[in-house]
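No lab work stands behind these numbers, since they all come straight from the coordinates. Given the structure is predicted, the values throughout are model-derived calculations rather than measurements. Glycine also receives a Cβ, built like all others from the backbone with ideal geometry; neighbour counts cover every protein chain displayed.
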Amino acid sequence: MAKDIDLTTITKAYAKWAPFYDLVYSRILLPGRNEAVKAALACGKEILEVGVGTGLSLGDYPAGYRVTGIDLSKPMLDKAAQKLAGLPGHAVTGLVVMDACRLGFRDATFDAVVGQYMITLVPDAEVALDEFARVVKPGGEIILVNHIGAEKGLVAMLEKAAAPLAKRVGWRSEFQLQRIRTWADQAGFSVASAKRVGFAGFFTVVRLRDARVAKAEAA
């Protein structure tokens, strides 16, 4: 797919958003955050959160887990660090400025990779998913929560029409679940579930399960 969103647009946008991001989005994004964290906790102790932003979900991981948070925006991560300073005994082992399409971790490092509200923001979603698949352990999960565009009907038409404007602020309004399904089929993952959450089901939590182990055992 074409790289129709650039990193400069994203970093500038979120540097401006950082001071009041929580005020605007904390409640709106809560149902998806909760569902994504719940799914990640069931996968194992080593968790990577990509696009951790201001760290809205970091306090939801209990002690005993080891959570690494990354984000492209340093101003957003600075806000996350401030939150952690007031959370003694938190599960976060590190916050790092990093590009989701170029993860600086070894293969098979994490039990789960969580991408909260970010897969429509990266310049190349498939490259980011390839990186998530690389760093997740065999049998682990990739968990995405995002607004997923409608695939047909009036809503799909409106989202497609709004796409050029959305891209100017670093967002894809027309990003559809089929794009994730196509990647999963090619990468050896399966779409374990796609659950709508939040007001009117505006957001979708997608769980991608590593099927490579099962395929290797069956071979």
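Things to note:
- In region 29-85, the convex hull through the Cα atoms has an average projected area of 3.7 nm², a quarter of its surface area.
- In order along region 129-144, phi translates into HN-Hα couplings of 5, 4, 5, 4, 5, 5, 8, 7, 6, x, x, x, 10, 10, 10, 10 Hz, rounded to whole numbers, per the Karplus curve 6.51 cos²θ - 1.76 cosθ + 1.60 with θ = phi - 60° and x for Gly and Pro.
- Exceeding the 26 Å Cα-Cα cut-off - candidates LYS16/LYS83; LYS45/LYS83; LYS74/LYS137: LYS74/LYS137
- Restriction of the GluC sites (Glu not before Pro) in region 80-154 to DSSP coil positions whose beta-carbon has at most 14 other beta-carbons within 10 angstrom yields GLU151.
- If you look at the Cα atoms of region 1-121, you get an Rg and a Dmax of 13.9, 43 Å.
- Cβ-Cβ FRET estimate between ARG212 and ASN34, R0 fixed at 25 Å, reported to 0.05: 0.30
- For the peptides 195-205, 91-101, residues were scored by their other Cβ atoms within 10 Å and the scores averaged per peptide; the highest-first order is 91-101, 195-205.
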